[in-house]
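Here the structure comes first, spelled out in structure tokens, and everything after it is commentary.
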Amino acid sequence: MKFIKTVIITLLVMAILFTGIFMAGRYGSDRLNQCLLGAAFVLILISAIGGRWVQWMSVLSLLAYIPLIWSIYRMYSRNIEARRRENTAFLRFFSRLTDKQYRYFRCPGCRQVVRVPRGKGKINIRCPKCSRQFIKKT
């Protein structure tokens, strides 16, 4: 019995050390990976529940592999800078969707993104980059 406990503890320690060595220099998980894994889980759950009654819903379980494989690829990637840029772009897009205080517009002249407060009606917006003025409803 004592031998079995020793073997199990040794295997656990080796697994922890191997994981640390294997993941060295790899990107790991971030908010985009969490959302991808959540999307895969939701697709699998919907296909499991609805696939019993509606035949075409079982296709969703196959579509769940796309975000799952993309997430695993991102986690084990050694190109850390590219994964960081992807996550930053995702967070920037996601923050615009959840921002309740501001609206975002693109300047028609230079395509600079301009943030203005919501609920002010029609306002005259001046681009900070090219100083062009345009009117938008907030």
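The values are calculated or read from the model by the stated rules, or taken from the named source; none is laboratory data. If you're wondering where the values come from, they're calculated on a predicted model, not measured in any experiment. No Cβ is skipped: glycine too gets one built from the backbone with ideal geometry, and neighbour counts run over all protein chains shown.
Worth pointing out:
- The set of residues in the stretch 63-90 that are in a helix (DSSP H, G or I) and either modelled with pLDDT under 85 or small (Gly, Ala, Ser) (or both) comprises 71, 82, 89.
- Contact map, the stretch 110-126: residues that are closer than 17 Å to residue 99 by Cβ paired with residues that are charged (D, E, K, R) and not in a strand (DSSP E or B), Cβ distance under 8 Å, separation 6+ or inter-chain. Pairs shown: 118/100.
Results for (1) within 11 Å of the chain's Cα centre (by Cα); (2) over 26 Å from residue 93 (Cα atoms), shown as yes or no for each residue.
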site: 41; (1), (2): no, no
site: 47; (1), (2): no, yes
site: 53; (1), (2): no, yes
site: 60; (1), (2): no, no
site: 64; (1), (2): no, no
site: 67; (1), (2): yes, no
site: 75; (1), (2): no, no
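- In the stretch 77-106, the residues that are of a type in the set (S, T, N, Q) and more than 25 Å from residue 27 (Cβ to Cβ): 101
- Of the set (1) hydroxyl-bearing (Ser, Thr, Tyr); (2) exposed (fewer than 13 other Cβ atoms within 10 Å of the Cβ); (3) under 13 Å from the mean Cα position of the chain (by Cα), all apply to residue 71 but (2).
- Annotation: of all residues in the stretch 76-95 being basic (Lys, Arg) and surrounded by fewer than 13 Cβ atoms within 10 Å (Cβ to Cβ), the one that is farthest from residue 34 (Cα to Cα) is 78.
- Residue pairs meeting the criteria (Cβ under 9 Å; at least 6 apart or on separate chains; first within 16 Å of residue 70 (Cα to Cα) and in contact (Cβ under 8 Å) with a residue 40 or more places away in the chain, in the stretch 31-57; second of a type in the set (Lys, Arg) and crowded, with 16+ Cβ neighbours inside 10 Å): 32/74; 32/83; 33/74; 33/83
- Residue match in the stretch 4-18 (condition: modelled with pLDDT under 85 and either under 30 Å from residue 93 (Cβ atoms) or surrounded by 12 or more Cβ atoms within 10 Å (Cβ to Cβ) (or both)): no
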